[in-house]
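For reference, the structure discussed in these notes is given below.
The values are calculated or read from the model by the stated rules, or taken from the named source; none is laboratory data. Remember, predicted model here, so these are calculated numbers, not experimental data. Ideal geometry is used to build each Cβ from the backbone, glycine not excepted, and the neighbour counts take in all protein chains shown.
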Amino acid sequence: MTPTESLTEPVADEAAKIDDLAARAAQLAAAIRYHQYRYYILDDPEISDAAFDALFNELVALEAKHPELRTPDSPTQRVGGYIAERFEKTQHPAPMLSLANAFGPGELAAWRDRLHRLLSEEERTRLAYVVEPKFDGLTVVLHYENGMFTLGATRGDGIFGETITANLRTVRRLPLQIPADRSSGMTAPSRLVVRGEAYVDKVDFERFNQRQAEAGERTFANPRNFAAGSLRQLDSSITAARPLKLWVYQALIVEGGPALASHWDALAYLRALGLPVCPAIRRFGDDEFDQLVAYIEEFGARRHELPYEVDGIVIKVDSLAMQQELGFTGKDPRWALAYKYAGEEAVTTLLDIVVNVGRTGAVTPNAVLEPVSIGGVIVKSATLHNEDYIRDLDIRIGDKVVVKRAGEVIPKVLRPLPELRTGEERIWSMPATCPACGAALVRPAGEAATYCVNNACPEQLVRAVEYFVGRNAMDIAGFGIKQAELFVEQGFIHNLADIYRLPWEKIGELKGFKSGKSRSSENQKRLENLRASIEKSKDQPVHRLLTALGIRYVGEVVAELVMQHYDSLFDLMDATTEELSAIDGIGPRIAQSIHDWFAVPENRELISQLAEAGVRMTVERAPSPANALTLTGMTFVVTGTLPTLTREQAETFIKQHGGKVTGSVSKNTTYLVVGENAGSKLQKALQLGVPIIDEEQLKRLAEGGPPAS
Ligand code: IVH
């Protein structure tokens, strides 16, 4: 039931009804404005896109039924978005429209029928469509004058955008000059304005958030907010450090270039100029509409395989003349449509709440759900984070709850729907004792998590083993939670070093490994494979071992960073917190956590046992070229766009030659390596008198020569 339905039930007094509806419309408008503010200005939404759409669509429906409720300042009457005060404004050459949505093949067919009605018979014979992914990032408008990138803006309110030229210049995919390939023989158009989407790859987004969380810094709710938050920075060096990417998907203005008749040709032209045009674009004739629908469905089923977030497909009429003729309704063009894929959220019943013990002893509540299909996958359980999450949201056993599943991430319960309660629901509370070992549970003051503090808790050990052997840690193939449970239960594993001291004879006798009469060779092989992969893992790089230990705040990224500064785990073992926090990227919290872990005698003993078992403890540095290590003892900061090396390549180059790279300029910086469009770091270096060199000078320095020419 939507609130509109409840409000449109027969009411005796017609005037009272309109009053109610007007109040509802005002309430919706206020809520929409608030959430737009959170989304567009703060880049920090409180509710999901789906929940926002529900509010917006309700208001659209209400106004459609009762046009007298539609006020000029209603959120439905804006092209969308907001502009912030802190950026210069740019007026767009044409309104930046948005797209009407379609859900399901029925609405797609209805759109096509409408096109057929609006176009002439002759045009219908030439009708074709271009199908593109709908990228989930931040819309940007890019201006090129005589081949130079001169201006970039956000979409803003559709009429005015925020000028973010300096920030956009840091996006590596964005050519600062077109044609990007000067040997292409093409000439630059005198004026070109294109529309595109700045976005972030899913892995980069996750990595960034992980790193931020480890350092106790702000994280972003989703890739779109990451893109927006990164591009709407007053300091472009912050943007430069963010892994932003770009696709362009519309030529808004082309002057002094070829005459373009179709969107397809326009995209080919943009691509030839060196602008990033997504390759996942298809063209279908109107008589191939069935294939188009099949393509959309197949694309939808596989969209999670793409490196970036896609929330639908955009279908556009190919002919630019037909686009012109079809025009707009309100804020949406008639010639394009956003086909949205089935939501990633579903409503189901919360059957029970059970608690699981993790490797750190943290006890987390998990939802047992009435199985429900979300985006084609059956979901039966979901995370509920911690005790406070459940209490703050007032989630009760028996509630109907909204569950979200997106891509690879663990499904989560977003909120209950209290309006659907029957009175049978039960309030849950955290158990007093550990479900695995029976020890009393403890919740430290100021923490959200509850812990089982029994070091001998078998469930903690199982989880610690599972993590140790996992893909991001020692990566032992054929070793998973099942084997961890079995070996702990059998008493073969008491600490992590026991993984390397397994009693293989006895294991050969266990069910699943036993080489009895049937399937004997298969079991034998499984056993040998497991043994071999455990053996092989002894030679994993030390940062993987450090990750595998499961020290709080020390994930892959931190572990790799830390091991760049130590030659072995034994060296790290005796590092002071001061020494650790002097590493760029390691905050006091991480330093303390590492230090405290190595201060525990059992942990030190574990390291010796692992070493005794033959696990690698020393760092293997990449073999360096003959004239290597010429940059030893020097600290570099790289800024701006270098002529030939990317930022990462430059950093690797420096490290391979023994130098150190940090993210910010200080009096300890030996050299600042600058490229084009260097920003605040250059200022800082000038202020502090830090020597400034370019890429060529860096290379000369690495060859052992003086930096100056
Ligand atoms: S075309 C007038 N194509 O989706 C039509 N938009 O909900 C202009 N978007 O704000 C838009 N991918 O920024 C178009 N391949 C694509 C797109 C795309 C993402 C964004 C666009 C717009 C939003 C509309």
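A few notes on this one:
- Of residues in segment 113-146 being within 33 Å of the chain's Cα centre (by Cα) and away from the ligand (no atom under 16 Å from the Cβ), the one farthest from E297 (Cα to Cα): Y144
- Some residue of segment 242-250 being out of contact with any Pro (no Cβ under 7 Å at 6 or more places or on another chain), more than 21 Å from A153 (Cβ to Cβ) and within 16 Å of the ligand (Cβ to nearest atom): no
- Test for D392: is it touching a strand residue (DSSP E or B) at 6+ places or on another chain (Cβ under 8 Å) and either under 27 Å from A54 (Cα atoms) or surrounded by fewer than 17 Cβ atoms within 10 Å (Cβ to Cβ) (or both): no
- Residue in segment 296-314 that is surrounded by fewer than 17 Cβ atoms within 10 Å (Cβ to Cβ), within 17 Å of L119 (Cα to Cα) and among the acidic types (D, E) present: no
- Between R218, R232, R211, the distinction of being under 14 Å from L168 (Cα atoms) and surrounded by fewer than 22 Cβ atoms within 10 Å (Cβ to Cβ) belongs to R232 only.
- Here I313 qualifies as within 16 Å of the ligand (Cβ to nearest atom) and either outside any strand (DSSP E or B) or within 30 Å of S120 (Cβ to Cβ) (or both).
- Residue list for segment 261-270, restricted to those being surrounded by fewer than 19 Cβ atoms within 10 Å (Cβ to Cβ) and closer than 18 Å to G147 by Cα: A268
- Of all residues in segment 76-93, one or more are within 16 Å of the ligand (Cβ to nearest atom), in contact (Cβ under 8 Å) with a residue 60 or more places away in the chain, exposed (fewer than 15 other Cβ atoms within 10 Å of the Cβ) and farther than 26 Å from A22 by Cβ.
- Total residues in segment 428-463, condition assigned to a loop (DSSP other than H, G, I, E, B), among the charged types (D, E, K, R) and touching a Pro at 6+ places or on another chain (Cβ under 9 Å): 0
- Elements of the type strands (runs of 3 or more DSSP E) sitting completely within segment 362-427 and holding at least 1 residues that are at pLDDT below 95, in contact with a Ser or Thr (Cβ under 8 Å, 6 or more places away or on another chain) and of a type outside the set (V, I, T): these cover 362-374, 400-404, 412-416.
- D201 surrounded by fewer than 17 Cβ atoms within 10 Å (Cβ to Cβ) and either within 26 Å of the chain's Cα centre (by Cα) or within 14 Å of the ligand (Cβ to nearest atom) (or both): yes
- Residue within segment 100-121 that is charged (D, E, K, R), within 26 Å of F52 (Cβ to Cβ) and in a helix (DSSP H, G or I) present: yes
Results for (1) under 30 Å from S680 (Cα atoms); (2) touching a strand residue (DSSP E or B) at 6+ places or on another chain (Cβ under 7 Å); (3) modelled with pLDDT under 95, shown as yes or no for each residue.
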residue	(1), (2), (3)
A241	yes, no, yes
A251	no, yes, no
A268	no, no, no
G274	yes, no, yes
E298	no, no, yes
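- Subset of segment 335-350 (residues that are within 13 Å of the ligand (Cβ to nearest atom), aliphatic (A, V, I, L, M) and either farther than 20 Å from L108 by Cβ or buried (at least 18 other Cβ atoms within 10 Å of the Cβ) (or both)): A336, L337
- Within segment 318-334, considering residues that are more than 11 Å from the ligand (Cβ to nearest atom) and in a strand (DSSP E or B), the one modelled with the highest pLDDT: S319
A quick yes/no check of all residues on (1) of a type outside the set (D, E, K, R); (2) modelled with pLDDT under 80; (3) on the phi > 0 side of the Ramachandran plot; (4) in contact with a strand residue (DSSP E or B) (Cβ under 8 Å, 6 or more places away or on another chain):
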| residue | (1), (2), (3), (4) |
| --- | --- |
| L62 | yes, no, no, no |
| E68 | no, no, no, no |
| R78 | no, yes, no, no |
| E88 | no, no, no, yes |
| A94 | yes, no, no, yes |
| N101 | yes, no, no, yes |
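- Of everything listed in (1) acidic (D, E); (2) within 23 Å of T646 (Cα to Cα); (3) more than 16 Å from the ligand (Cβ to nearest atom), the single unmet condition for E217 is (2).
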